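This report concerns only the one structure given below.
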Amino acid sequence: MNLRLRQLLAAVAVLQAPLWAAGVALCLRGDVPDPVPTHWGIGGEVDGTLGLGAFTTAVLAVVVLASLVALGCIARAGRGTALAGLGAAGATWFAALPASLYVATLLAAEGAARADDVRLPVVSIVLATVLPFVAALVVHRLLPGTSGPGAPVPVPASSVALADGERVVWVGQASSRRLLVAGIVLGLGTLPLWFAVWPAALATALAAVAVAWVHVVTARVDDAGVAVSWGPAQWPRVRIDLADIAAAEAAEIEPLRWGGWGYRRATRGRAAVARRGPGLVLTLRDGQQFAATVDRPEAAAELVNALVGRLSRTAR
Amino acid sequence: MLIRVDPASPLGLAEQIAAQVRAAVIDGSLRGGDKLPPARELAAGLDVNMHTVLRAYGVLRDEGIVELRRGRGAHVRSDLAEPDRERIALRRELRALLDRAARIGLTPDQLADELRKASS
């Protein structure tokens, strides 16, 4: 797919939000109560309403404005601007969320005589939350990163000499006792919640398990690339293809610069962070970075560079 | 840690893996209590059977270098002191000596005789 086609498809994805909002507003304006319900309490009862005109105007203003920002970002994508893709995705989410909530509200309110009679089905709440993420993801996937793939990248130097058929692997781990303790404390903290509000307790318990689980990060370097996994069972796993890697280095990883602990996505790239300290930082061919905290990463960086060198040697 | 194997080598894959862990223990890059890579990860990275890696770890356990515990993986024995490391290094040299003796047709017994002769 060339850039023009990708930009066109991304624009089509962005325009779904204003088109659906405007279309539903036009089609259903006579069939919904005025004022329309805009907020529901925990038990599903309506506890907030707004005049249909004001509601529609406010939603359309936000949706149109965010869509314009998204379209602007899409137009700038592929011209060496690193943030265009992320900006477009963010603006798409910002446009799609009010639009999908508006559509869900009006569809739920269709045919009701009074605002108080309207119930919002769980399915529409889930869809209205998920669809904006899907739209943002689609836009982000369609737009290219900083530099186009295929740009010539110099082969990095390495002190590790590899024969062509030799099989080699580097495995390293980093673990954080603090994260483990934090997860356990959070888990114990949910105990009283089970007797009061069990859905909240369940959600917090899952979060506690997740925090405790990511206290170990395992990184593996082999001729397929780099695989990073979490927890004692090495699951889930993220793979970086060797062909996508330009170079590697060992560096100090400061969690807050990468967006925190766990699996993070920041503007500079992705990171698997268990603790502060040494880690392996990969520079990818699309200009993004990938970082993983591991103990003694120097040998890993040397091996990645040697493997990248061997790949370009054998591909020639 | 870095492990490399050469499928064309006359040494078995498990022996190659064990030799590199042993070397890392001798030169001090692996210390007492250090965790060895999970067998599954090593096997997947080297494209060998997991049982090959487990056999290598088993050899190292029999030599008293690592301890294997269910659910906790393989660790270098935490009570491994400097004399033990020396002894592991010595055993490695003895094995090399045995190989060399075998190449010129000396049996281990004949090698032991040579050793006695040299020390008297």
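If I filter the stretch A:251-266 for residues that are over 21 Å from the mean Cα position of the chain (by Cα) and either within 14 Å of chain B (Cβ to nearest Cβ) or free of Cβ contacts under 8 Å to residues at least 60 places away in the same chain (or both), do I get at least one hit?
Filtering the stretch A:251-266 down to residues over 21 Å from the mean Cα position of the chain (by Cα) leaves A:251-252.
Now restrict to residues that are either within 14 Å of chain B (Cβ to nearest Cβ) or free of Cβ contacts under 8 Å to residues at least 60 places away in the same chain (or both): A:251-252.
Within the stretch A:251-266, one or more residues are over 21 Å from the mean Cα position of the chain (by Cα) and either within 14 Å of chain B (Cβ to nearest Cβ) or free of Cβ contacts under 8 Å to residues at least 60 places away in the same chain (or both).
All but one of (1) in contact with a helix residue (DSSP H, G or I) (Cβ under 7 Å, 6 or more places away or on another chain); (2) open to solvent by 30 Å² or more (accessible area, probe 1.4 Å) hold for A:V122; which doesn't?
With (1) in contact with a helix residue (DSSP H, G or I) (Cβ under 7 Å, 6 or more places away or on another chain); (2) open to solvent by 30 Å² or more (accessible area, probe 1.4 Å) applied to A:V122, the lone miss is (1).
Would you mind telling me which numbered condition in (1) at pLDDT below 95; (2) in contact with a Gly (Cβ under 6 Å, 6 or more places away or on another chain) A:T293 fails?
Condition (1) is where A:T293 drops out.
Just to be sure, is A:D286 in contact (Cβ under 8 Å) with a residue 60 or more places away in the chain, assigned to a loop (DSSP other than H, G, I, E, B) and over 26 Å from B:R40 (Cβ atoms)? Steps first, answer last, please.
Working: in contact (Cβ under 8 Å) with a residue 60 or more places away in the chain: yes; assigned to a loop (DSSP other than H, G, I, E, B): yes; over 26 Å from B:R40 (Cβ atoms): yes.
In short, yes.
For B:I88, state whether it is in the same structural domain as B:E114 (by TED's automatic domain parsing), out of contact with any Gly (no Cβ under 7 Å at 6 or more places or on another chain), open to solvent by less than 30 Å² (accessible area, probe 1.4 Å) and in contact (Cβ under 8 Å) with a residue 40 or more places away in the chain.
Yes.
Counting only residues that are open to solvent by less than 60 Å² (accessible area, probe 1.4 Å), part of a strand (DSSP E or B) and either within 21 Å of A:G262 (Cα to Cα) or away from every other protein chain (no Cβ under 14 Å) (or both), how many does the stretch A:166-207 have?
4
Out of A:L180, A:L143, A:L186, A:L131, which single residue is modelled with pLDDT under 90, of a type outside the set (D, E, K, R) and on the phi < 0 side of the Ramachandran plot? Even if it seems obvious, please write down each step before you answer.
Numbers: A:L180 fails: modelled with pLDDT under 90; A:L186 fails: modelled with pLDDT under 90; A:L131 fails: modelled with pLDDT under 90.
After applying the criteria, what remains is A:L143.
Based on what the data block shows, is A:V226 within 29 Å of B:R40 (Cα to Cα) and outside any helix (DSSP H, G or I)?
yes
Can you confirm whether the stretch B:42-65 contains a residue that is under 18 Å from the mean Cα position of the chain (by Cα) and of a type in the set (S, T, Y)?
The answer is yes, given that some residue of the stretch B:42-65 is under 18 Å from the mean Cα position of the chain (by Cα) and of a type in the set (S, T, Y).
Got at least one residue in the stretch A:74-85 being in a helix (DSSP H, G or I), in contact with a strand residue (DSSP E or B) (Cβ under 9 Å, 6 or more places away or on another chain) and either farther than 15 Å from A:F55 by Cα or open to solvent by 30 Å² or more (accessible area, probe 1.4 Å) (or both)?
no
Suppose we filter A:D47, A:D34 for residues that are of a type in the set (D, E) and surrounded by fewer than 14 Cβ atoms within 10 Å (Cβ to Cβ); which single one remains?
A:D47
For (1) more than 13 Å from chain A (Cβ to nearest Cβ); (2) modelled with pLDDT of 95 or more; (3) surrounded by 14 or more Cβ atoms within 10 Å (Cβ to Cβ); (4) not in a strand (DSSP E or B), each residue gets a yes or a no:
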{"position": "B:A24", "(1), (2), (3), (4)": "no, no, yes, yes"}
{"position": "B:G32", "(1), (2), (3), (4)": "yes, no, yes, yes"}
{"position": "B:R40", "(1), (2), (3), (4)": "no, no, yes, yes"}
{"position": "B:A43", "(1), (2), (3), (4)": "no, yes, yes, yes"}
{"position": "B:H51", "(1), (2), (3), (4)": "yes, yes, no, yes"}
{"position": "B:R55", "(1), (2), (3), (4)": "yes, yes, yes, yes"}
{"position": "B:L68", "(1), (2), (3), (4)": "yes, no, yes, no"}
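What's the number of the condition B:A102 fails, among (1) more than 16 Å from A:G172 (Cα to Cα); (2) in contact with a Pro (Cβ under 9 Å, 6 or more places away or on another chain); (3) within 14 Å of another protein chain (Cβ to nearest Cβ); (4) surrounded by fewer than 19 Cβ atoms within 10 Å (Cβ to Cβ)?
The failed condition is (3).
Would you mind stating whether A:T56 is surrounded by 15 or more Cβ atoms within 10 Å (Cβ to Cβ) and not in a helix (DSSP H, G or I)?
no
Just to be sure I understand the filter: pairs with C-beta atoms under 9 Å, separated by 6 or more residues or on different chains, first member in the stretch B:91-103 and closer than 20 Å to B:R22 by Cα and free of Cβ contacts under 8 Å to residues at least 12 places away in the same chain, second member of a type outside the set (A, V, I, L, M, F, W, C) and surrounded by 10 or more Cβ atoms within 10 Å (Cβ to Cβ). Which pairs pass?
Nothing qualifies.
The values are calculated or read from the model by the stated rules, or taken from the named source; none is laboratory data. These numbers were taken from a predicted model, which means no experiment stands behind them. Here the Cβ is made from the backbone with ideal geometry for all residues, glycine too, and neighbour counts use every protein chain on show. Please note that ligands, DNA and RNA were not included when accessible areas were found on the heavy atoms of the full protein model with its side chains. Shrake-Rupley method; radii C 1.70, N 1.55, O 1.52, S 1.80 Å.
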